[in-house]
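The values are calculated or read from the model by the stated rules, or taken from the named source; none is laboratory data. Source: prediction; values computed, not measured. Neighbour counts are summed over all protein chains in view; Cβ atoms, including those assigned to glycine, are modelled from backbone coordinates with ideal geometry.
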Amino acid sequence: MSAGFLRYELQSEVICLGERLKAGWFRPCTDTIPYSQISGALRWAFGETDLHAAGHLCCYEVDHLVQGPRDRVREISRIPLRVQVLRQALGSVYVLANEASRVLPEEFEVQMGALRSKGLGQCYLRRRGEVPADVSGVLGTLNTRIPLGRQEMFGLREVQMPVHGYLFEPTSLYTGNYVLSLFEGTRVVAPPFLLREFCHEDKRRDLRVDEIQVLCQRISDCDRVWRPYEYTSSFLDTVGGILADHGFGVAGTFLSTREERRESVQAAGLKEVMRLLEGCPRVQQNRAIGRLIIKSLETLRPEKHKQAGGQGRKPK
Amino acid sequence: MADVLVPELHDVLKLTGDHRHPQSDKLIIGPDTATWKGVLYHSAPVDADTLRLHLADCLAAASSRPQSYGGAQTGGTYKLWEETGNPREAGKLDQKEVLKFLATDPDWDAFVARYGEELEVRAEEAGRGLNVTSLRTHMELTGRFYRLLDGRLDLPAAHLPDWSDVDWVKGVRESIAQRTELTVSHLRVEFPQRPIRAKDLNVLIALAEAVARIARDYADEVIFAAGEDLLVASVDSARPTAIEAELVEAGFWVQAREVTGTIADWMNQRGRPRTSAPTSLLRLAEEPVRAIYGDLATSFPPPICEICQMAPGAHAWTGPEGDGPEEFLCGNCYSYRRGEARLRKLAEWENGGMTRRLAWFRLELPVPKLIACLQGLYSGYLARLGRRPAQEDVEVRFSLLAEFQKDYQRLLEAVGRGLRARFGEANLEEVLPNLYCARLEDPGQALEVLDVYEQQVRELMPAFVQTEYCPLRARLIVADLKFPFGEIWRISEEATAGVQATLVGGRRLRTTHRRLRDVLSLRNLRLRPSALHNLAEIAQVSEELARLRWLDRSRPGDADTQTYKLIDQHLEWRHEDASGLDFEGLVAFAQMAGATKPSSGKA
């Protein structure tokens, strides 16, 4: 292996790392970051021809989009194109550290993959460190696609069981060749960061978390929410219903009116919940989510608050 | 004396319960044929043919040690995957009648035509613990090894006078067994295409035909064949290479693992020194994989074949009428596209304007997992007999795999019959014996496929249902008719659970064979369809939210909550792993079953 590698974290809202269009109407998507795609994107963005990179994705959601491409020459609409895309993609890109890679900033955006003109493939890369040049290779399963001619550059040795395919390698702005390559699934001795067995480290740092999960955790962690011994189902149903039907303003006002009454402790706790709900954009967009959380509020009660010590109605 | 020795018939006397050594005190007078000589002398060779037969017999044996595990000898075959408890009773045939028939010097087919049923029931070894393969399987396998060893034994010069010398024969036998190598290869046939159109699926049929052709042309070598997997035994190293070359020539690529050992190693007799690491089928899983491709160009200019992306797209395809979008295909893919669509129903459904929901069902049988599972079941069987089995005793040998092959075939046929009965001939396309496609009148029918499958496995291979390590892999993928098959294949390849049902665009239901019935029986509970529908809808927004809804039991009277509690009780959902269904699986179940509104009010 020559120099080391710069490690970048890649995030993309929606991306199609295109395979060839099939039967004129379906474009499948790879779930790794091939050398040809990321290197091409970097070269295009920074004007350096000596940039070499490969990577892999660690989490994403598979989705399908239907496009209606138009044949501009014949002025007709072609049959709908079904595109497989990856949403909320998160991965790692390893750029060979050389003279050309010095132009890469700490954070930048590139466009990669298919249907870029439709807004797909916007990738945000953030520097996450370096991999030293002397990292020793281990036997494992390749998690990216690398041309045979670039094996050495990426420290690939002793290919035990190749899975072959072809990657496009441009020879000029308009021409290029398909070159024999090693695809994901190849058993090879390689640096760990290129191997499937070692990508779990990336998964552990999964940044693509469910907003609702975070919100539920916040509610669970907020002591003021759990001052009441328990919330009555009917009260939760009422508040949840008002929130879903009329919004935060009406629900908040309703709770204020209850602070003088029997449910005062519950109302105070729910106002705290309401504050947390209001801070979540997804709940703002869809208040039915808020209703569901309020209705199931007792499920979030942490263990320490299930004991005595609260206020309001005592447990039976 | 007739010239041809029918090696399969060497153990024919076992049918009469009088399988005796030639030096036995009881002399049986049989016909004057080469086959009869094989019957008499296959355990104590008296010439080159009987020595070859002896070695073939040892290789084809279910166990190398005729060791008793106690109890009465019933003579019936105990099938590990059936685990019927008591082996079937095997009756004894009249010896005179069998000898009379042998006097006609029958070939193997004629013998099977007359005594096939008895051969199936009678175990190769009558003793308990050894009776895991049928006599028929053992005899067939012996015949195959006998032919494989033909001309490969490097025998001492013929007509040496020492055949009567027991020690000399033993020495020759040892020497040959130590010198002759036998290689077992596990070949997995792969195709590079990602089929999209109905005609592209011809590649699957081509693959099945190629595997069937290999199994026919190399009938003696192919010990086991299931789906895309072949297990090949060979003494001649050129044979597996020729098989690989044929498969590559047909447009496929091959993953191969091999274990090579001397015949002595494979026979693995107790007390015999091993030359190296244990030579066993179980070792196949540990061996490195080789990939065998055809000629691959280092580089070529565009266009590339749009289906396989492995060769230049030298042929332009614009549809049968010439008015479709232009596609560039390589010669191989072009030939599939040009050929007749072999799967006619798929094409009919596509044009018929009928329900467009399909359920694809694929059954896989990874050979290494099968070997490991059989070995585990064998250990269990011996342990039940009250002995702690030694490692060599529970080795899965060729005969056990060959025995399983027949029942696996029966399972596939039974699943096919069951699916036809459930969905009707018009709504079912058999792509391959282990790959079916059913048109769903109602999306909720998808789980019916798993129901049919579960019933058949439970009936034919109940022991597999009891173990967590069932080697079978059932894949159900529910998708729109237009959803490309290449993706369906990919989903089924990437699935890891024993049973996995995937709703394209939805969630995955992953469970084990052991818990499949419990999961499927959820449909029999009086569940509110709307409760499952609600859960599925909530999960579309956030799985965490759905989990919250699921766990919320604060309103016991709430109808949805009652449904959730019912499921909870049914699956004993305290630990998700033990329940056989994780939360995502539950949502997938809701999406598959609950999203429909059955007329009976049951989901």
Considering the range B:462-487 alone, what residues qualify as being among the aliphatic types (A, V, I, L, M) and either in a helix (DSSP H, G or I) or on the phi > 0 side of the Ramachandran plot (or both)?
B:ALA463, B:VAL465
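For B:SER542, are the conditions met, namely being within 14 Å of chain A (Cβ to nearest Cβ) and of a type in the set (S, T, N, Q)? Please lay out each step first, then the result.
Values: within 14 Å of chain A (Cβ to nearest Cβ): yes; of a type in the set (S, T, N, Q): yes.
Yes: the conditions hold for B:SER542.
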Tally of residues being surrounded by fewer than 16 Cβ atoms within 10 Å (Cβ to Cβ) and within 40 Å of the chain's Cα centre (by Cα) across the range B:538-567:
2
Tell me which of these B:GLY71 doesn't satisfy, since it passes every other one: (1) in a loop (DSSP other than H, G, I, E, B); (2) closer than 27 Å to B:ILE223 by Cα; (3) modelled with pLDDT under 85.
(2)
Condition set touching a strand residue (DSSP E or B) at 6+ places or on another chain (Cβ under 8 Å) and surrounded by fewer than 12 Cβ atoms within 10 Å (Cβ to Cβ), scope the range A:64-79, selection modelled with the lowest pLDDT: answer is A:SER77
From the options A:VAL250, A:VAL273, residue that is assigned to a helix (DSSP H, G or I), crowded, with 17+ Cβ neighbours inside 10 Å and of a type in the set (Val, Ile, Thr):
A:VAL273
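Look at B:ALA212 and say whether it is surrounded by fewer than 19 Cβ atoms within 10 Å (Cβ to Cβ), among the small types (Gly, Ala, Ser), within 23 Å of B:TYR336 (Cα to Cα) and more than 14 Å from chain A (Cβ to nearest Cβ).
Details: surrounded by fewer than 19 Cβ atoms within 10 Å (Cβ to Cβ): yes; among the small types (Gly, Ala, Ser): yes; within 23 Å of B:TYR336 (Cα to Cα): yes; more than 14 Å from chain A (Cβ to nearest Cβ): yes.
Answer is yes for this residue.
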Scanning the range A:234-260 for residues that are within 14 Å of chain B (Cβ to nearest Cβ) and without any contact (Cβ under 8 Å) to a residue 24 or more places away in the chain, the one nearest to the chain's Cα centre (by Cα) turns out to be A:THR238
When restricted to B:HIS570, B:HIS513, the only residue more than 13 Å from chain A (Cβ to nearest Cβ), of a type outside the set (Gly, Ala, Ser) and out of contact with any Phe, Trp or Tyr (no Cβ under 7 Å at 6 or more places or on another chain) is B:HIS570
Hey, could you check the range A:17-34 for residues that are more than 10 Å from chain B (Cβ to nearest Cβ) and part of a loop (DSSP other than H, G, I, E, B) and say which is farthest from A:LYS118 (Cα to Cα)?
A:PRO34
Would you be able to tell me the number of residues in the range B:324-359 that are away from chain A (no Cβ under 14 Å), farther than 22 Å from B:VAL504 by Cβ and buried (at least 19 other Cβ atoms within 10 Å of the Cβ)?
1
List pairs: first in the range B:100-113 and closer than 16 Å to B:GLY143 by Cβ, second surrounded by fewer than 15 Cβ atoms within 10 Å (Cβ to Cβ) and at pLDDT below 85, Cβ under 6 Å, 6+ apart or cross-chain?
B:ASP105/B:ALA2
Members of the range B:325-345 that are modelled with pLDDT under 80 and of a type outside the set (Lys, Arg):
B:PRO325, B:GLU340, B:ALA341, B:LEU343
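Confirm whether B:GLY444 is closer than 23 Å to B:GLN375 by Cβ and not polar (S, T, N, Q). Working first, answer last.
On the way: closer than 23 Å to B:GLN375 by Cβ: no; not polar (S, T, N, Q): yes.
No.
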Output yes when any residue across the range A:184-194 is in contact with a helix residue (DSSP H, G or I) (Cβ under 9 Å, 6 or more places away or on another chain), away from every other protein chain (no Cβ under 13 Å) and surrounded by fewer than 19 Cβ atoms within 10 Å (Cβ to Cβ), and no when none is.
yes
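Quick check, is B:GLU321 surrounded by fewer than 19 Cβ atoms within 10 Å (Cβ to Cβ), part of a helix (DSSP H, G or I), within 14 Å of chain A (Cβ to nearest Cβ) and more than 27 Å from the chain's Cα centre (by Cα)?
On the way: surrounded by fewer than 19 Cβ atoms within 10 Å (Cβ to Cβ): yes; part of a helix (DSSP H, G or I): no; within 14 Å of chain A (Cβ to nearest Cβ): yes; more than 27 Å from the chain's Cα centre (by Cα): yes.
No: the conditions fail for B:GLU321.
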Would you please name the residue that is surrounded by the fewest Cβ atoms within 10 Å (Cβ to Cβ), looking only at residues in the range A:8-63 that are without any contact (Cβ under 8 Å) to a residue 12 or more places away in the chain and among the basic types (Lys, Arg)?
A:ARG43
For the range B:482-499, name all the residues that are more than 9 Å from chain A (Cβ to nearest Cβ) and either farther than 17 Å from B:ASP200 by Cβ or not acidic (Asp, Glu) (or both).
B:PHE485, B:ILE488, B:TRP489, B:ILE491, B:SER492, B:GLU494, B:ALA495, B:THR496, B:ALA497, B:GLY498, B:VAL499
So B:ARG490, is it crowded, with 22+ Cβ neighbours inside 10 Å and outside any loop (DSSP other than H, G, I, E, B):
no
In the range A:117-173, how many residues are more than 12 Å from chain B (Cβ to nearest Cβ) and surrounded by 17 or more Cβ atoms within 10 Å (Cβ to Cβ)?
16
